[in-house]
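> Starting off with a structure, shown below.
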Amino acid sequence: MNDKPNDPAARLRDVSADKPESAVEQPETSSESLILIDEHEEEVSVDGKTIRRRGIYLLPNLFTTAALFSGYYAIIAGINGQFDAAAIAILVAMIFDGLDGRVARLTNTQSKFGAEYDSLADMVSFGAAPALVMFSWALSDLGKFGWTCSFIYIACAALRLARFNTQIDSADKHYFSGLASPAAAAVIAGTIWVCHDIGYVGSDVSHNLAAAAGLITALVGFLMILNVPYHSFKGLDLRGRVPFVMMILIILVFGLVMLDPAKILLAGFVLYALSGPAAKVWTMLRRTS
């Protein structure tokens with residue numbers, strides 16, 4: 001008499017049980033596909049439920065990649081002595097960096113991958129690039145003092161980004177704690193651009209000017225980790241209606257910048273960099289009075 005069950009699934013289980021574990025066929029997974037790069041997966045919350053989704057959003061990450069490329073190009077241009085192009089590339093990276101987040105919010109394409117990718121790109125474009133371009137322009141002849149100032153800036157940029165990432169869910173969206181790395185990079189890039197336009201390049205960069213540039217680099221680095229609030233301007237509603245006079249003011253600002261882009265932009269970013277400590281001191285004085 002045959003005691004074997006007639007259920008095909010049961011017979012299959014019996015056959016599998018008789019085979020050694022290594023011989024049992026396993027279902028094909030995505031990692032066993034012909035593509036050698038695993039598909040990205042991340043958990044997202046939809047209607048209160050946690051689900052896993054594959055792939056990444058293309059549009060915001062294109063802007064992040066453009067910012068990353070601009071920072072990389074700035075480093076190469078600085079090594080080749082093209083300091084004006086390097087400074088402009090850092091400022092272009094700022095534009096792309098500002099666009100990727102806004103595009104992600106406007107198109108509802110925010111993701112954990114995009115946030116991490118943006119942070120790593122910021123470290124290159126606004127941490128490594130300004131420090132290395134400044135080192136190539138003026139600090140390389142200062143010995144240990146030069147590379148120490150450059151390292152202080154890049155280390156503070158890393159600390160600033162790490163602190164921002166850990167506080168992103170709890171911090172006030174309208175204010176940054178410490179000078180944002182793109183604004184810090186703009187001060188360094190603007191300083192290099194202005195000096196390049198004046199003619200301070202190569203042997204024309206005096207020892208005193210190089211020492212001053214080193215101190216500025218270190219000081220701007222410390223501003224990034226200083227516990228003072230800076231306005232983030234994230235509350236600006238770009239989709240809402242504004243008075244017509246605002247458009248006229250924007251045109252006037254563009255015209256003012258075009259008079260001397262390097263000096264006007266540097267002045268604006270320096271004022272913003274000083275606004276945080278100035279506001280902090282003003283608040284302390286009002287409390288003591």
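> Looking at the range 95-117, which of the residues that are open to solvent by less than 40 Å² (accessible area, probe 1.4 Å) and under 12 Å from the mean Cα position of the chain (by Cα) is modelled with the highest pLDDT?
Out of the qualifying residues, it is Asp97.
> Let me ask you something else. Would you point out which residue out of Ala158, Ala121, Ala180, Ala128 is over 30 Å from Asn208 (Cα atoms) and under 15 Å from the mean Cα position of the chain (by Cα)? Full working, then the answer.
Working: Ala158 fails: over 30 Å from Asn208 (Cα atoms); Ala180 fails: over 30 Å from Asn208 (Cα atoms); Ala128 fails: over 30 Å from Asn208 (Cα atoms).
Every option except Ala121 fails the conditions.
A quick yes/no check of all residues on (1) in contact (Cβ under 8 Å) with a residue 12 or more places away in the chain; (2) more than 25 Å from Arg160 (Cβ to Cβ); (3) touching a Phe, Trp or Tyr at 6+ places or on another chain (Cβ under 8 Å); (4) not hydrophobic (A, V, I, L, M, F, W, C):
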| position | (1), (2), (3), (4) |
| --- | --- |
| Ile192 | yes, no, yes, no |
| Val205 | yes, yes, yes, no |
| Val220 | yes, no, yes, no |
| Val242 | no, yes, no, no |
| Phe254 | no, yes, no, no |
| Val257 | no, yes, no, no |
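> Quick check: is even one residue across the range 236-248 part of a loop (DSSP other than H, G, I, E, B), more than 28 Å from Leu99 (Cα to Cα), open to solvent by 80 Å² or more (accessible area, probe 1.4 Å) and in contact with a Leu (Cβ under 9 Å, 6 or more places away or on another chain)?
Taking the range 236-248 as the starting set, the residues that turn out to be part of a loop (DSSP other than H, G, I, E, B) are 236-243.
If we keep only those that are more than 28 Å from Leu99 (Cα to Cα) too, we end up with none.
No: zero hits.
> Okay, moving on. Which ones in the range 149-170 are surrounded by 15 or more Cβ atoms within 10 Å (Cβ to Cβ) and free of Cβ contacts under 8 Å to residues at least 60 places away in the same chain?
Listed by number, the residues that qualify are Phe151, Ala158, Leu161, Phe164.
> While we're on this one: Which one is surrounded by the fewest Cβ atoms within 10 Å (Cβ to Cβ) among residues in the range 56-94 that are in contact (Cβ under 8 Å) with a residue 60 or more places away in the chain and over 18 Å from the mean Cα position of the chain (by Cα)?
Across the range 56-94, the extreme among qualifying residues is Gly81.
> In the range 23-74, which residues are among the small types (Gly, Ala, Ser), at pLDDT 70 or above and in a helix (DSSP H, G or I)? So that I can check it myself, show each step before the final result.
Of the range 23-74, the ones among the small types (Gly, Ala, Ser) are 23, 30-31, 33, 45, 48, 55, 66-67, 70-71, 74.
If we keep only those that are at pLDDT 70 or above too, we end up with 55, 66-67, 70-71, 74.
Ala66, Ala67, Ser70, Gly71, Ala74 - these are the residues of the range 23-74 that are among the small types (Gly, Ala, Ser), at pLDDT 70 or above and in a helix (DSSP H, G or I).
> Test Ile95 against the criterion of being aliphatic (A, V, I, L, M) and over 14 Å from Thr217 (Cα atoms), and give yes or no.
In short, yes.
> Scan the range 249-276 for residues that are open to solvent by 60 Å² or more (accessible area, probe 1.4 Å) and polar (S, T, N, Q) and jot them down.
Passing the criteria: none in range.
> Working carefully through the options Ala183, Ala212, find the one that is in contact (Cβ under 8 Å) with a residue 12 or more places away in the chain and open to solvent by less than 50 Å² (accessible area, probe 1.4 Å). Break it down stepwise before answering.
Values: Ala212 fails: in contact (Cβ under 8 Å) with a residue 12 or more places away in the chain.
Going through Ala183, Ala212 in turn, just one is in contact (Cβ under 8 Å) with a residue 12 or more places away in the chain and open to solvent by less than 50 Å² (accessible area, probe 1.4 Å): Ala183.
> Here is a check on your reading of the model: is Gly202 loosely packed, with under 11 Cβ neighbours inside 10 Å and either closer than 21 Å to Asp100 by Cβ or not aliphatic (A, V, I, L, M) (or both)?
So Gly202 passes the test.
> Further question: Just give me the residues in the range 102-129 being within 15 Å of Tyr72 (Cα to Cα) and in contact (Cβ under 8 Å) with a residue 60 or more places away in the chain, in sequence order.
Asp122, Ser125
> Let me ask another. Within the range 270-279, identify whether any single residue is closer than 20 Å to Trp137 by Cβ and either of a type in the set (Lys, Arg) or in contact (Cβ under 8 Å) with a residue 60 or more places away in the chain (or both), and answer yes or no.
yes
> Still on this structure, I have one more. Just one of the numbered conditions (1) loosely packed, with under 14 Cβ neighbours inside 10 Å; (2) in a helix (DSSP H, G or I) is not true of Ala279; which one?
(1)
The values are calculated or read from the model by the stated rules, or taken from the named source; none is laboratory data. Quantities reported herein were computed from a predicted structural model and do not represent experimental measurements. Cβ: placed from backbone, ideal geometry, glycine included. Neighbour counts: every protein chain shown. The area values use the complete protein model at the heavy-atom level, side chains included, leaving out ligands, DNA and RNA. Shrake-Rupley method; radii C 1.70, N 1.55, O 1.52, S 1.80 Å.
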